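Inspection log for the structure reproduced underneath, given as structure tokens.
The values are calculated or read from the model by the stated rules, or taken from the named source; none is laboratory data. Note that the structure is a prediction, hence the values are computed from the model and not measured. Note that each Cβ is placed from the backbone with ideal geometry, even for glycine, and that neighbours are counted across all protein chains shown.
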Amino acid sequence: MNHTVRTRFAPSPTGLLHLGNARTALFAWLAARHAGPDGRAVLRIEDTDLARHQEAAIAALTADLAWLGLDFDEGPGRAGPYAPYRQSERLDRHAAAATALLDAGHAYPCFCTDEELEAHRALARASGRPPRYAGTCRELDASARAARVAAGRVASLRFAVPSRRVVTFADAVHGEQRVATSELGDFVIQRRDGTPTFLFANAVDDADMAITLALRGEDHLANTPRQLLVLEALGRPAPRYGHLPLVHGAQGPLSKRDGAASVGDLRTAGYLPLAVVNYLARLGHSGYPDGLLSHAELAAGFALGHLGRAPARFDLTQLAHFQKLAVQALDSDTFLAWLAASGVDITVIPIAARAGFVAAVRGNVSLPSEAGRWTTRLYAAELAFSAEALSLLGTTPRALFEAALAAGAEPELDAVTAAVQAATGARGPALFRPLRAALTGELAGPDLKAWWRLLPADRRLARLRQALTHAL
Ligand code: GLU
């Protein structure tokens with residue numbers, strides 16, 4: 001049970017698994033798997049700030065992680081050595097840690113009301129100072145505290161930030177960091193209602209769960225010196241922190257306008273988990289070789305030193321590249337199951353033709369909807385020609401399709417093209433492009449010989465007759 005590398009993903013279950021968070025989860029998981037048997041990946045749900053339990057959000061998040069193939073070793077619903085893994089079930093530990101800090105003089109009760117605090121902040125802003133807590137309650141002596149309690153005032157607990165210190169730490173992504181404690185101000189660790197603040201619970205849980213590496217979003221970088229001070233005061237070891245740059249869209253925060261913002265968006269669109277994982281792994285981590293890598297290969301090549309500091313920009317064309325590779329790698333049955341799961345009606349494909357169908361169209365498919373288009377072009381009674389195909393048909397002499405129709409009973413396309421060439425003299429692109437337009441309705445697509453074999457005999461003739469009506 002002594003794992004030397006314990007990483008964690010600690011999401012707040014506010015809704016969909018955003019791609020930025022998915023990437024954090026992936027890197028945390030890869031860092032643990034990179035360590036082999038010495039590594040453990042922990043999932044901790046940080047649900048203390050939520051007004052209500054978010055069962056549905058937690059279930060969706062867990063499902064998204066499982067879909068990505070990220071099997072965390074410890075997490076909610078598992079009997080791990082550091083259970084429970086839901087922060088809301090660990091409140092007694094946070095309270096005990098807060099009390100320990102209070103008893104040791106590292107924390108003090110703060111009786112300031114919201115109005116007083118706001119007034120202080122306004123004053124600081126007006127005089128150009130940062131709106132830090134002024135330390136009003138830090139110096140209260142025992143009798144002053146007792147008087148406030150007697151007057152019915154309820155206290156929060158603030159951490160007493162030591163003065164004239166510089167907190168230093170080596171961020172796994174951003175390198176050496178130095179922050180003077182004079183910049184911090186005493187911060188709340190326990191609210192008036194007794195609940196812990198995010199910053200406090202997060203640090204205590206990391207220590208309690210023996211986390212060695214905490215990868216998280218860059219938005220938490222400013223919390224780190226405070227958390228390090230808390231852990232030091234508690235006499236607990238701190239994890240190594242690494243703050244990942246945010247994932248942006250084309251114009252600011254990643255949103256649906258960028259094609260997708262969450263794992264769910266990609267899943268619904270028909271992206272394959274291996275494509276998503278390969279893409280996300282490259283987003284902010286350099287040094288992976290080209291090509292589709294398995295989870296194990298991604299883990300083997302993972303290195304903290306390869307995490308970059310530059311903001312990452314989500315790029316659908318890069319994802320599409322990995323999607324193509326992932327689709328190529330599917331075996332026939334999995335390919336068909338993927339289509340069926342995405343709502344493509346594969347029952348129109350005769351069972352005996354299915355392997356041939358997959359072989360013919362796979363290279364032209366990156367999303368299930370595209371395969372759906374090819375099934376329609378193969379099996380629908382009428383073909384809907386693309387505009388380009390239609391205009392090519394309009395410039396093709398009727399004789400070409402008449403000759404093809406005459407040879408339309410041939411089981412192989414070679415025999416058809418030979419007959420057309422003999423009858424009309426057409427050859428090369430002048431022969432194949434109109435035939436492709438006639439048989440597939442488009443100017444580009446699967447191999448035409450394979451297509452001819454797949455087309456049911458009556459559809460071959462129907463397509464050619466339909467083309468004839470548009471010909472010159
Ligand atoms: N619950 C925090 C979040 O979702 C996690 C911060 C951390 O990983 O330390 O942003």
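A few notes on this one:
- Identity of the residue in segment 25-56, surrounded by fewer than 24 Cβ atoms within 10 Å (Cβ to Cβ) and within 12 Å of the ligand (Cβ to nearest atom), that ends up nearest to Y279 (Cα to Cα): E46
- Selection within segment 203-223: residues that are assigned to a strand (DSSP E or B) and over 16 Å from I45 (Cβ atoms). The member of this set that is nearest to the ligand (Cβ to nearest atom) is G217.
- Just one of (1) hydrophobic (A, V, I, L, M, F, W, C); (2) assigned to a loop (DSSP other than H, G, I, E, B); (3) modelled with pLDDT of 95 or more fails for A381. It is (3).
- Residue within segment 283-292 that is surrounded by fewer than 22 Cβ atoms within 10 Å (Cβ to Cβ), at pLDDT 95 or above and outside any loop (DSSP other than H, G, I, E, B) present: no
- All conditions in (1) out of contact with any helix residue (DSSP H, G or I) (no Cβ under 8 Å at 6 or more places or on another chain); (2) away from the ligand (no atom under 15 Å from the Cβ) hold for N278, with the sole exception of (1).
- Applying the criterion of being hydroxyl-bearing (S, T, Y) and surrounded by 16 or more Cβ atoms within 10 Å (Cβ to Cβ) to the residues of segment 140-184, the residue that is nearest to N223 (Cα to Cα) is T181.
- Only residues that are surrounded by 17 or more Cβ atoms within 10 Å (Cβ to Cβ) and either in contact with a Phe, Trp or Tyr (Cβ under 8 Å, 6 or more places away or on another chain) or polar (S, T, N, Q) (or both) were counted in segment 412-435, giving 5.
- Looking across segment 357-386, the residues that are of a type in the set (V, I, T) and within 17 Å of R453 (Cβ to Cβ) come down to V358, V361, T375.
- Some residue of segment 209-221 being of a type in the set (D, E, K, R) and farther than 16 Å from F9 by Cβ: no
- Applying the condition of being in contact with an Asp or Glu (Cβ under 9 Å, 6 or more places away or on another chain) and charged (D, E, K, R) to segment 7-43 and asking which residue is nearest to D71 (Cα to Cα) yields R40.
- Members of segment 165-200 found to be in a helix (DSSP H, G or I), within 16 Å of the ligand (Cβ to nearest atom) and touching a strand residue (DSSP E or B) at 6+ places or on another chain (Cβ under 9 Å), listed by number: L199, F200
- One residue alone among L215, L246 is crowded, with 18+ Cβ neighbours inside 10 Å and either touching a residue at least 60 places away in the same chain (Cβ under 8 Å) or out of contact with any Cys (no Cβ under 9 Å at 6 or more places or on another chain) (or both), and that residue is L215.
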